[in-house]
Amino acid sequence: MRLHRTGSLPLYRQVQQVLQERIESRALLPGDRLPTEHELARELAVNRLTVRQAISELARAGQLVVRQGIGTFVAEPPAHFVVTLGPERSMAAVEHTTRTLEQEGMPAREVFLSSAIEDCAEAREQLRLPRRRLRRVDTQFLVDGEPWSANTYWLADTRFRGITDRLVHDGSVFRACAEHYGTDLRYAWRSFAAAAASPREAELLGVAVGTPVLVREGLNIDSSGTPTVYVTRRLRSDRMRFVLRYEHDPIVE
């Protein structure tokens, strides 16, 4: 393809468009390895820095995955999760997500990372625990061995004493609350926002620092309506998207 060197569109943007068109036309399929920077530069008659900038932009947009020392690959399309708004149990939602991924041939699991007594003003406010000790639990959600989200849970340490031992073999906080403490959690609220990955989040998610991530926060209540678990998730925006489907009353004509 001939690039326009006298137009207003920078060369790296034109290279980006070439690669994007190949992805959208399925000339390059998810998982396919791109030619090397040198090969693309020779094919398109540009320098390697131009190709590198184009690849960097597509990687930032979640369309390519750069694996240092291995190559650049077309990213898998993000998974879509349909969320029906209603009094859903937290554990049921987790099981639904895991089951959906497994049906697509992508085994999923949550793994425990760390646990500590730590203070957090936002968590105290949400849990309405001005004086009790808070426990912070950090986990990763892995899909087919790849990190998709980094999660932080806050809960009352005295109510869930010993939960760290429960999470070593199964990192699901919701499952531990249900099976070992008899606490069936439900959603109270969820919020969604965008942010740039911090160095720590980038390390946990396997992305570059500053990569856009989806921030999902929420409060979970027990069967009596008591605020019980406050959770924040940093999700890879190139792997997960959420669809909210609203239920309507039947239309009577």
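The values are calculated or read from the model by the stated rules, or taken from the named source; none is laboratory data. Keep in mind it's a predicted model, so treat the numbers as computed, not measured. Don't worry about glycine lacking a Cβ; one is built from the backbone with ideal geometry, like all the others, and counts go over all protein chains shown.
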>> Checking residue 49 against (1) in a strand (DSSP E or B); (2) at pLDDT 90 or above; (3) exposed (fewer than 13 other Cβ atoms within 10 Å of the Cβ): exactly one of these is not met. Which one?
In response: (1)
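With the condition kept exactly as written, say whether any residue in the stretch 193-213 is farther than 28 Å from residue 59 by Cβ and either touching a strand residue (DSSP E or B) at 6+ places or on another chain (Cβ under 7 Å) or crowded, with 17+ Cβ neighbours inside 10 Å (or both).
So in the stretch 193-213, the residues farther than 28 Å from residue 59 by Cβ come out as none.
There is no residue in the stretch 193-213 that is farther than 28 Å from residue 59 by Cβ and either touching a strand residue (DSSP E or B) at 6+ places or on another chain (Cβ under 7 Å) or crowded, with 17+ Cβ neighbours inside 10 Å (or both).
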> Applying the selection to the stretch 1-38, what residues are of a type outside the set (A, V, I, L, M) and exposed (fewer than 12 other Cβ atoms within 10 Å of the Cβ)?
Replying inline: 2, 4, 5, 6, 7, 8, 24, 25, 26, 31, 38
> When you look at residue 124, is it part of a loop (DSSP other than H, G, I, E, B) and over 30 Å from residue 106 (Cα atoms), yes or no?
Replying inline: no
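I'm checking my understanding of the structure. Among residues of the stretch 78-102 that are small (Gly, Ala, Ser) and either outside any strand (DSSP E or B) or surrounded by fewer than 17 Cβ atoms within 10 Å (Cβ to Cβ) (or both), which one is modelled with the lowest pLDDT? Break it down into steps so the answer makes sense when it comes.
Kept after step one, since they are small (Gly, Ala, Ser), are these residues of the stretch 78-102: 79, 86, 90, 92-93.
Going one step further and asking which of them are either outside any strand (DSSP E or B) or surrounded by fewer than 17 Cβ atoms within 10 Å (Cβ to Cβ) (or both), we end up with 86, 90, 92-93.
Numbers: 86: 56, 90: 66, 92: 69, 93: 73.
Among those that are small (Gly, Ala, Ser) and either outside any strand (DSSP E or B) or surrounded by fewer than 17 Cβ atoms within 10 Å (Cβ to Cβ) (or both), it is 86.
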> Among all residue pairs at least 6 apart or on different chains, which show Cβ distances below 8 Å where the first residue, located in the stretch 94-105, is without any contact (Cβ under 8 Å) to a residue 12 or more places away in the chain and the second is outside any loop (DSSP other than H, G, I, E, B)?
Replying inline: 98/108; 98/109; 102/108
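This table checks each residue for (1) small (Gly, Ala, Ser); (2) more than 27 Å from residue 68 (Cα to Cα).
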{"position": "108", "(1), (2)": "yes, no"}
{"position": "115", "(1), (2)": "yes, yes"}
{"position": "120", "(1), (2)": "no, yes"}
{"position": "136", "(1), (2)": "no, yes"}
{"position": "145", "(1), (2)": "yes, no"}
{"position": "167", "(1), (2)": "no, yes"}
{"position": "176", "(1), (2)": "yes, yes"}
{"position": "200", "(1), (2)": "no, no"}
{"position": "214", "(1), (2)": "no, no"}
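Got a sec? Which of 31, 105 is at positive phi, at pLDDT 80 or above, of a type in the set (Gly, Ala, Ser) and not assigned by TED's automatic domain parsing to the domain that holds residue 239?
Numbers: 105 fails: not assigned by TED's automatic domain parsing to the domain that holds residue 239.
When all the criteria are applied, what remains is 31.
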> Just one of 225, 162 is surrounded by fewer than 15 Cβ atoms within 10 Å (Cβ to Cβ), in contact with a helix residue (DSSP H, G or I) (Cβ under 9 Å, 6 or more places away or on another chain) and not aliphatic (A, V, I, L, M); which is it?
Replying inline: 162
>> I'm trying to understand the selection: among the residues of the stretch 224-253, which are modelled with pLDDT under 90 and among the hydroxyl-bearing types (Ser, Thr, Tyr)?
In response: 237, 246
> Is it fair to say residue 200 is of a type in the set (Lys, Arg), assigned to a strand (DSSP E or B) and either assigned by TED's automatic domain parsing to the domain that holds residue 106 or closer than 22 Å to residue 96 by Cβ (or both)?
Replying inline: no
>> Which numbered condition in (1) modelled with pLDDT of 90 or more; (2) surrounded by fewer than 19 Cβ atoms within 10 Å (Cβ to Cβ) is the only one that residue 153 fails?
In response: (2)
> Within the bounds of the stretch 171-181, is there any residue that is part of a helix (DSSP H, G or I), among the β-branched types (Val, Ile, Thr), buried (at least 19 other Cβ atoms within 10 Å of the Cβ) and at pLDDT 90 or above?
Replying inline: yes
> If the Cβ limit is 6 Å and pairs must be 6+ apart or interchain, which residue in the stretch 55-77 that is modelled with pLDDT of 90 or more pairs with which residue that is surrounded by fewer than 16 Cβ atoms within 10 Å (Cβ to Cβ) and in a loop (DSSP other than H, G, I, E, B)?
Replying inline: 74/30; 74/32
